[in-house]
1. Could you tell me the calculated FRET efficiency between B:LEU189 and A:GLU248, based on Cβ-Cβ distance and R0 = 51 angstrom, to the nearest 0.05?
2. Checking the cross-link filter: which lysines have an alpha carbon closer than 25 Å to that of B:LYS185, excluding same-chain neighbours under 8 positions apart?
3. Among A:GLY82, A:VAL107, B:GLY95, flag the residue with its Cα farthest along the positive direction of the charge dipole of the protein assembly as shown, charges on Cβ as +1 for Lys/Arg and -1 for Asp/Glu.
4. Okay, helix-only estimate at 222 nm for chain A: each DSSP H run of n ≥ 4 adds -39500 (n - 2.57), divide by all residues, round to 500 deg cm²/dmol; what do you get?
5. So if R0 is 25 Å, what FRET efficiency would B:ASP216 and A:GLU74 give, r being the distance between their Cβ atoms, rounded to the nearest 0.05?
6. Just for the Cα atoms in region A:144-204, what are the lengths along the principal axes, largest first, rounded to whole Å?
7. Measuring from centroid to centroid over Cα atoms, what is the spacing of region A:222-261 and region A:265-309 in Å?
8. Output the 0 to 90 degree angle, nearest 10, between the alpha-carbon long axis of helix A:146-156 and the longest principal axis computed from the alpha carbons of chain A.
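Quick note: the coordinates plus some simple rules give every number you see, no bench work behind them. Quick caveat: nothing in here was measured; it's all calculated off a predicted structure. As a convention, Cβ positions derive from the backbone with ideal geometry for all residues, glycine included, and neighbour counts pool all protein chains shown.
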Amino acid sequence: MTETTTETEEQSTGTSVGSGDTDTRTTKGESEERTRDEWREYSFSEDAILSVDDLNVYYGDDHSLKDISMDIPEKSVTALIGPSGCGKSTFLRCLNRMNDRIKSARVEGTVEYNGEDVYQDGTNLVELRKRIGMVFQAPNPFPKSIRDNIAYGPRKHGDINRGFVASLLGRDDKEEEDELVEESLRKAALWDEVNDRLDDNALGLSGGQQQRLCIARCLAVNPEVILMDEPASALDPVATSKIEDLIEELAKEYTVVVVTHNMQQAARISDQTAVFLTGGELVEYDETDKIFENPESQRVEDYITGKFG
Amino acid sequence: MPRDGYRERLEALRRDVVSTGEVAVRRLRDALTALEQKDDELARRVIEGDAEVNARYLGTERDCIDLIALQQPVAGDLRFVVASFKILTDLERVGDLATNIADRATEARRDRFAEVDVQEIGAFAASMVEDSLEAYGNEDVEACRGVAESDDVLDARCEGATRRVIRELADAAHEDADGSVSDAKNLLLTVRDLERVGDHGVNIAARTLYMVEHEDELLR
């Protein structure tokens, strides 16, 4: 993960924290107009696939997320926006327990996925992360062929048997694998560009293609939810448009939760937008057009119109 | 505050819309004066001055388009730019209506329908536009509702004036019928134009209310 890139971008788009918080302080009271309980009552048309309740995250003494409660409707795009350090990536990583990998992280509250708390004892993390996949900011394909990148997960999980032993046992799933590779690449809108070179090294692809390959790799293990952490911030505008189109397409079949620093991107692609502000607080969560046309909270208005940051 | 240049451009847009409106209202008042005093010269200046209203309107509309394309305003800023864009069209129409009135200014024989106080109606309509502009400039939602309410008064006065003209025309049918008809036609058109001026004032107020409060009650 390239934290440096993130930092630079934030500074250039003027969303870094620290300056001009006079506005924030003076308008703080107004942000309490709707409490977190009210956000939960807000009914989206689709059922909630993820339901977060009173989530608090600490990194050592640092209280990074405070009392976050929100329902994420299925088969839609939910964007998480906010200045750097507001906890949106932390929140994203809580959804499939990626924060477990950080030793100092402590998580309180519940994250229900299809009604089951993912933080309860006995949760199968491999299964959880198959069902709730993650795509990162910088494309990170394995230094292997395009085919191997897609088939890596299913082979690892034993869903597809390949290789010498499998062929000896007469259980070589070559056809299934071909199908899976094609289907995943098609869903990631990459098939037409790479179908004649599936055995080429994935690192030879352009940045945008690599990112779509990572999405295809995520799709290959048959997830229900796809988490994306700034999936287009390392890409040029054309590659960014392709990713954005892809996200909209994926939302017909999958639930997409995307962290972005690009507010216009959130406006373009998402159905719901959650605005996190400094201090790890979820200030407003609503349908995207409402957030960008008439947000309820003055702090959100000030943030998205660039009056502070 | 970040985006200082952007905020300055938003404020410049507000000033430009208000000043375009001031020019349009001035034209309207001049047209009414030309009508009252049968002042050919003033009427001509109003008609020629419409080019200035149009130029300001087009220039300011261009600024709105630039702001949307280059700065991507959202939330309250977006509503402000969109409302300003729509209000400019109303102001341009007020300018056109002033030109219409000036066109007919010197043809009118005011003594024939002396009971119809077109000046009073005109002043009322012009003040509605002024009030709506002030409401826009100050983001005053109460003033917006006030403008909308005064439209009923204007409509009633226009309706009354129209009836009076038609009644007098019927009474005077036997004497100089042609002249009466022509004067009546001019007067009725002027009254209708003034009624429309008021409607544009209401539109401006309605857009302003939407801009400030995201409330479309006056737009419906």
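1. So, using R0 = 51 Å, E works out to roughly 0.45.
2. B:LYS38
3. Highest projection toward the positive end goes to A:VAL107.
4. Value at 222 nm, helices only: -10000 deg cm²/dmol.
5. 0.20
6. 35, 20, 19
7. Spelled out, the Cα-based centre of one part sits 19 Å from the other.
8. 90 degrees
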